[in-house]
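Report on the structure given below.
The values are calculated or read from the model by the stated rules, or taken from the named source; none is laboratory data. Since this is a predicted model, take the numbers as computed values, not measurements. Cβ: placed from backbone, ideal geometry, glycine included. Neighbour counts: every protein chain shown.
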Amino acid sequence: MEFTKLHGLGNDYLYLDALAQDLSAYSLPKLARVLSDRHFGVGSDGIILVETSARADFAMRIFNADGSEAEMCGNGVRGFAKYVYDHGLTRKKDLTIETKAGLVHLSLQLANGKVAAVRADLGVPRLARAQIPMRGERAQERVVEEPLTVGKYFFSITAVSMGNPHCVIFLPEIKGFPVAEVGPLIENHDLFPQRTNVEFARVVDHSNVEMRVWERGSGETMACGTGAAATAVAGALTGRTGRHVTVRLRGGDLTIEWAENDHVFLTGPASEVFTGRVTPELIEGAKA
């Protein structure tokens with residue numbers, strides 16, 4: 001089994017070309033857990049499959065490090081674009097990718113014949129409580145600065161779906177915040193029937209936000225594209241920021257624009273790390 005490792009600002013995935021190799025013998029959740037293990041496997045935040053699509057240029061499937069399947073990944077889709085272009089699967093500089101969250105439109109930015117950055121149209125954010133999804137009354141209303149208590153902590157949360165659920169929390173400081181302690185408490189809170197990603201953000205000014213993220217199924221990661229988008233939307237909803245912001249993550253910066261047509265655009269880099277071949281012994285236990 002061959003793979004290529006790419007990352008978007010340190011949010012790293014193993015890309016498996018399902019067009020060129022048959023993966024039907026494997027349980028994909030098991031395969032994700034085995035390959036993503038940073039000590040006994042290759043090491044990643046998850047795996048991403050390149051598949052055919054009847055209504056787009058390609059289809060993308062994402063499995064987190066814990067084996068759960070994700071609807072969408074902003075960093076992962078930029079790596080996807082770089083993979084299919086740099087590896088000769090397409091020559092198109094504008095792509096449409098089918099995901100479990102719907103179709104995503106990508107514009108590729110090239111340097112020396114390879115993809116250096118990608119602008120992704122993430123579509124219109126979903127803001128109604130039922131769309132996140134979150135339990136509770138007023139299913140069609142927005143969740144903006146709603147009180148939430150977890151353990152000894154009290155927060156005001158703003159919920160946004162970018163095709164996957166996000167819970168955004170603005171704090172005066174995030175550098176020393178116990179993300180690994182609080183993140184899983186909110187990820188698995190009863191309010192979120194499909195669990196949730198959790199963003200801890202600090203507003204620098206009207207156009208800049210710092211963010212740390214606890215990703216559903218992967219833990220704290222270096223970056224999260226849809227999380228950055230959700231944080232920008234939450235900043236605008238609460239009046240903390242404008243609709244065009246730079247989100248500073250542990251792995252680098254992403255540019256987010258919540259445009260006048262209500263679509264959210266994410267622009268950032270994608271980098272290839274290496275290509276490798278997995279030994280059969282490693283993935284024997286991942287067979288279906």
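Residue by residue through segment 110-129, note down the ones that are part of a strand (DSSP E or B) and without any contact (Cβ under 8 Å) to a residue 12 or more places away in the chain.
Looking only at segment 110-129, we keep the residues that are part of a strand (DSSP E or B), and these are 110-111, 114-121, 126, 128.
Listed by number, the list holds a single entry, Ala111.
Out of all the residues in segment 178-193, which are over 13 Å from Phe155 (Cα atoms) and touching a Leu at 6+ places or on another chain (Cβ under 9 Å)?
Matches in segment 178-193: His189, Leu191.
So Pro133 clears everything in (1) touching a residue at least 24 places away in the same chain (Cβ under 8 Å); (2) in contact with a Phe, Trp or Tyr (Cβ under 8 Å, 6 or more places away or on another chain); (3) loosely packed, with under 14 Cβ neighbours inside 10 Å except one condition, right? Which one?
Every listed condition holds for Pro133 apart from (3).
Any residue at all in segment 175-182 that is under 24 Å from Asn64 (Cβ atoms) and surrounded by 23 or more Cβ atoms within 10 Å (Cβ to Cβ)?
no
Taking segment 128-145, which residues are over 20 Å from Gly102 (Cβ atoms) and in contact with a Ser or Thr (Cβ under 7 Å, 6 or more places away or on another chain)?
Residues satisfying the conditions are Val143, Val144, Glu145.
Scanning segment 24-55 for residues that are part of a loop (DSSP other than H, G, I, E, B) and crowded, with 17+ Cβ neighbours inside 10 Å, which turns out nearest to the chain's Cα centre (by Cα)?
Selected residue: Asp45.
Search segment 237-279 for residues being within 29 Å of Met1 (Cβ to Cβ) and surrounded by 15 or more Cβ atoms within 10 Å (Cβ to Cβ), and hand back the single one that is farthest from the chain's Cα centre (by Cα).
Restricting to residues being within 29 Å of Met1 (Cβ to Cβ) and surrounded by 15 or more Cβ atoms within 10 Å (Cβ to Cβ), the top hit is Val278.
Select the strands (runs of 3 or more DSSP E) contained entirely in segment 173-288, then report the ones holding at least 1 residues which are among the polar types (S, T, N, Q), assigned by TED's automatic domain parsing to the domain that holds Phe63 and in contact with a Phe, Trp or Tyr (Cβ under 9 Å, 6 or more places away or on another chain). Before you say what the answer is, go through the steps one by one.
Details: elements: 197-205, 208-215, 219-221, 244-249, 252-258, 264-269, 271-277.
Correct list: 271-277.
Scan segment 225-242 and report the pairs whose first residue is of a type in the set (Lys, Arg) and whose second residue is at pLDDT 95 or above and surrounded by fewer than 24 Cβ atoms within 10 Å (Cβ to Cβ), with Cβ atoms within less than 9 Å and a gap of 6+ or a chain change.
Arg240/Phe170; Arg240/Val203; Arg240/His206
Right, Leu9: within 21 Å of the chain's Cα centre (by Cα), more than 15 Å from Gly225 (Cα to Cα), at pLDDT 95 or above and surrounded by 15 or more Cβ atoms within 10 Å (Cβ to Cβ) or not?
No: the conditions fail for Leu9.
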